[in-house]
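Undergrad: Questions regarding the structure given below will be posed in turn.
The values are calculated or read from the model by the stated rules, or taken from the named source; none is laboratory data. Note that the structure is a prediction, hence the values are computed from the model and not measured. Heads up, the Cβs are rebuilt from the backbone with ideal geometry, glycines too, and the neighbour counts pull from every protein chain shown. Accessible surface areas use protein heavy atoms only, side chains included; no ligands, DNA or RNA. Shrake-Rupley method; radii C 1.70, N 1.55, O 1.52, S 1.80 Å.
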Amino acid sequence: MARVDATSTNVSLDQVQTAGEEESQIQWSEIWKPLALIVISFLILFWLPIESPRFRRAVLESLALAKWYAQEHVLLCLVPAFFIAGAISCFVSQAAVMKYLGAGAKKVLAYGVASVSGSILAVCSCTVLPLFAGIWKRGAGLGPAIAFLYSGPAINVLAIVLTARILGLPLGIARAVGAISFSIVIGLLMHLVFHKEEQAKAAAALHMPAPEVERPLWQNVIYFASMVGVLIFATWGKSSSPIGFWNAVYNMKWYICGAFALFLGYLLVQWFHVKAYKIVLSAIAVAALAWLFPHEPLIAFSAGIVLFTVCLVTTRGETETWYLSTWDFTKQITPLLFGGVLVAGLLLGRPEGAEGLIPSRWVSDLVGGNSLEANFFAAVVGAFMYFATLTEVPILQGLIGAGMGKGPALALLLAGPALSLPNMLVIRSVLGTWKTVVYVTLVVVMSTAAGLIFGASF
């Protein structure tokens, strides 16, 4: 009996002690991430090798690349792309996206539309991102969305022609065939890898109510064509030849771009209820700046963007919704892009500038011949380095002259324009880490395989 009482007493004392313990106020699950970030940042700053000439040069190259990117791509490429993405989110019905690009759409139609619409744009790996995010947000299937994402920067008619002319016809043909087939094959493989998610997405779409369509399809087609026209001709690159069709278009690019912009202004008045006097005054102001500064087209183009924005935000209704949607894409994507550009410049330098932290001779030494390692390394470097539209051709011309093999050259051509470090960061914010890893891996592996086959054949 005494033993039982003692046991009872011990249990009671344990219960009292347990009850007297306070719960910890430290929530480690919430603290560890910011704490780790602070510690890592401190260690980086503590050991920063500012006395190293290479490091200081790499920092300058990083800033120079960011400056060049801001001057050459933000106004001409990204800003129009943001407005187009915002318009897709607002004015393209989810039913239309699901019909042509959804997970349950016919594969031939979905991948055909995605690859063709992406290739028409002929934009760089960063400019395509807002457009990709727009169609993904509206319900496009993963496979067609990825086909669009790859085809936009990879299937560039002018770049392919330039490749054939400067680097040789076989490399130009191989790039064209590889890019077109990659956009479809990679999209299909992504669909297969995430098949269960795609099935669930298609099943959910069947139960969605049909959205109200405020504007007929033909109006949307014309309206988007006017914006795409501005984007295409504002970013039209200079041809390597002083004569010919491509050079003639380049010489007329701002007149053609202005015509598309005027037509867009007319549509804003007719279909979006923007006051006509706002468009007229904006057009006069832009034309005056173009006349005053004929050799600085960015001045007039920048003024046009500002005045276009003013027209949207000072008109009540759907233009305000359009602006807010555009702003959502801008604040989500822009910081990641500039962060990625800074890191890419720090590591690899500018395409036509000085070196970054990674010496260029390492690259040229590792891409000679046609070994598996050379092709894989070329694909990885191309995937992480940022290439503006058409800049990859003269860069490769120099690398080939330094001993780069034809196989690694093709591997870089197939991976480089479609991917970059800034591009990966944004894709991760849209699709998530796992889908991004699979997509990048597919591009690198397929580019490596294509380089091996091409290098063995030629």
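Undergrad: Suppose only helical runs count, i.e. DSSP H with n ≥ 4. What mean residue ellipticity at 222 nm does that imply for the chain under -39500 (n - 2.57) per run, divided by all residues and rounded to the nearest 500 deg cm²/dmol?
TA: The per-residue figure over the chain is -25000 deg cm²/dmol.
Undergrad: Under the rule a/c < 1.5 gives rounded, and otherwise a/b versus b/c splits prolate from oblate, where does the stretch 262-359 land using the Cα gyration tensor? Don't jump to the answer; show the numbers that get you there.
TA: On the way: a/c = 4.56, a/b = 1.74, b/c = 2.62.
Cα axes put the stretch 262-359 in the oblate bin.
Undergrad: Okay, which of the stretch 417-458 sit inside 17 Å, backbone N to the point 7 Å along the Cα-Cβ direction of SER181?
TA: Only 442-458 fall inside the zone, counting backbone N under 17 Å.
Undergrad: Pull out a ≥ b ≥ c, the square roots of the eigenvalues of the alpha-carbon gyration tensor of the stretch 129-189, then state rounded if a/c is under 1.5, prolate if not and a/b is larger than b/c, and oblate in the remaining case.
TA: Oblate, because a/c is 1.5 or more while a/b does not exceed b/c.
Undergrad: What full-extension length gain, to one decimal in nm, is calculated for VAL74 and LEU372 as 0.36 nm per residue of separation minus the Cα-Cα distance?
TA: 103.6 nm
Undergrad: A further question on this structure: What longest range of the chain stays clear of loop-exposed GluC sites (Glu not before Pro) (DSSP non-H/G/I/E/B, at most 16 other C-beta within 10 angstrom)?
TA: Longest stretch, sites excluded: 52-211.
Undergrad: Find the Rg to Rh ratio for the stretch 88-186, where Rh is the Kirkwood radius over alpha-carbon pairs and Rg uses the same atoms.
TA: Taking Rh as the inverse mean 1/r over Cα pairs, Rg/Rh reads 1.04.
Undergrad: Right, next: On the protein heavy atoms, probe 1.4 angstrom, tell me the percent of accessible surface of the chain carried by carbon and sulfur.
TA: Taking all protein chains in place, the chain shows 70 percent carbon and sulfur surface.
Undergrad: Using C-alpha positions alone, give me the convex hull volume of the stretch 230-279 per residue in cubic angstrom.
TA: Measuring per residue, one finds 66 Å³ for the Cα hull of the stretch 230-279.
Undergrad: Rolling a 1.4 Å sphere over the protein heavy atoms, what is the accessible area per residue of the stretch 358-419, to the nearest Å²?
TA: 35
Undergrad: If you don't mind, another one. Between PHE55 and VAL161, 0.36 nm times their residue separation minus their Cα-Cα distance comes to what?
TA: 34.4 nm
Undergrad: If r is the Cβ-Cβ distance from ILE222 to GLU320 and R0 is 22 Å, what FRET efficiency results, to the nearest 0.05?
TA: FRET efficiency, ILE222 to GLU320: 0.50.
Undergrad: Using only the Cα atoms of the stretch 353-444, build the gyration tensor, take square roots of its eigenvalues as a ≥ b ≥ c, and label the shape rounded, prolate or oblate: rounded if a/c is under 1.5, else prolate if a/b is larger than b/c, else oblate.
TA: Numbers: a/c = 2.07, a/b = 1.64, b/c = 1.26.
Judged from the Cα gyration tensor, the stretch 353-444 comes out prolate (a/c at least 1.5, a/b above b/c).
Undergrad: Relative contact order of the stretch 223-311, please, whole-number percent, based on alpha carbon pairs below 8 angstrom and at least 6 residues apart.
TA: Dividing the mean separation by the residue count of the stretch 223-311 yields 23 percent.
Undergrad: If you don't mind, there's one more thing I want to ask. For GLY368, which sequence-distant residues (separation of 5 or more, or a different chain) have an amide H within less than 5 Å of its own amide H, given hydrogens modelled in the peptide plane?
TA: Placed amide hydrogens put GLY405 under 5 Å from GLY368.
Undergrad: Something else about it: Please work out the FRET efficiency for the pair LYS275 and ASP328, using the Cβ-Cβ distance as r and a Förster radius of 35 Å; give the result to the nearest 0.05.
TA: 0.85
Undergrad: Additional query: Find the relative contact order for the chain and round it to a whole percent, using C-alpha pairs within less than 8 Å whose residues are 6+ positions apart.
TA: RCO, the chain: 20 percent.
Undergrad: Would you indicate which of (i) 1.38; (ii) 1.18; (iii) 1.52 is the value of Cα Rg over 2.2 N^0.38 Å derived from the coordinates of this structure?
TA: (ii)
Undergrad: Between ALA354 and ALA456, what is the label-point separation in nm under the 7 Å Cα-to-beta-carbon projection?
TA: Distance between the two pseudo-spin positions: 4.3 nm.
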